[in-house]
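Okay, structure first, notes after.
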Amino acid sequence: MRRICAAAVVAGMTILLTLSAWKNHTYLSKTEVEPEYVFSYAENQPEDYPTTLGAKYFAELVEERTNGRIRILVQPVGVLGSENKVIKQMQYGGIDFARVSLAQLAEYIPSLNVLQMPYLYTDSDHMWRVLDGEIGDAFLESVSADDVIGLSWYDAGARNFYNSVKPVTCLEDLKGMRIRVQESDLAVDMVEALGATAIPIAYGDVYASLERQVVDGAENNWPSYEAMRHYEVAKYYTVDEHSRVPEMQICSAYTWQKLSPEDREIILECARESAIYEREVWTQREEQSRSIAMENGTKVVELSAEEKNGSRMPCTGYMKNTAGMTWDSSKKS
Ligand code: GCU
């Protein structure tokens, strides 16, 4: 009961926030038509971040192709809550759309962990061959059997370790360090397997945790490290590319049910097009972010190709279970 009340309060707040943003014309409409639907879209990255730009492009395409009948209000910077809370809200229909990290979604749909195992992909092309092919489609569909609908894959590059203490020149150097990880069992397991202490913290709180030395370090891609200004509080960045954790655009099943088959098709098509755009922006931003961080004093250690292949990563606990999982796409579990 308490969960339902809390969900109702947050859903109410979301509607109010969405309506007030709309009323105040924070998001200008391109059309003069009164929309039939006004939907919320949660994004935890800043305004100019590739995934946010992708979301805005998605919203524009949807509005254009429905002649203004469907308006999607993108709310960036995590104003609708942490990814974990956003996914919970979507299960109750409190938030309509979001872009989330697979690490977070896999906490609800564990089969997704298979796609973000450390050192799973040799490089970005390898990951996209998997996600753009039959396997990626089957996983998008499998998500749709739950309380959310999988729309498209967004890029989030490779994740690397960084810290405020010392240059990390090999994975063994992480032993004994306190490392922030995503709120994900797989991420905890990966960091503990390296002999470090994993501390799960929501993305929006990482800067403060590094600054107050609650953690010694964290791990993320170049754009997140730069956009969230983590370089100010953790200047040693080691390019080890231990994982590639893609992002997914999702829609609440409650929202999906309201839409006609034609509108669903338009939304899927716009999501896919926005994903192509996001990936282009992503590639440019990765380069830029690296340069910005280095201009601001980041000290970079680049591990050798051999060190990046994962041969030094023990496969334990949760990772072992995940690696041993068999997945039957026909069950869509
Ligand atoms: C990436 C991802 C975020 C996620 C973050 C994290 O930056 O884009 O959605 O929250 O990783 O480390 O938590």
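Just so you know, all these numbers are worked out from the coordinates, no wet-lab data involved. Computed from a predicted structure; not experimentally measured. A quick note on method: Cβ atoms are made from the backbone with ideal geometry, for glycine too, and the neighbour counts reach across all protein chains shown.
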Practice item. Determine the gain in length on full extension of the stretch residue 146-residue 296; use 0.36 nm per residue of separation and subtract their C-alpha separation, reporting nm with one decimal. Key: 49.6 nm
**Study point:** Shape category assigned to the stretch 39-80 from the gyration tensor of Cα positions, a/c cut at 1.5
**Key:** oblate
Revision key, fill the gap. Per DSSP, the loop-located GluC sites (Glu not before Pro) within the stretch 219-316 having at most 12 other beta carbons within 10 Å are 306
Point to revise | FRET efficiency, residue 169 to residue 120 (Cβ-Cβ, R0 22 Å, nearest 0.05) | key: 0.40
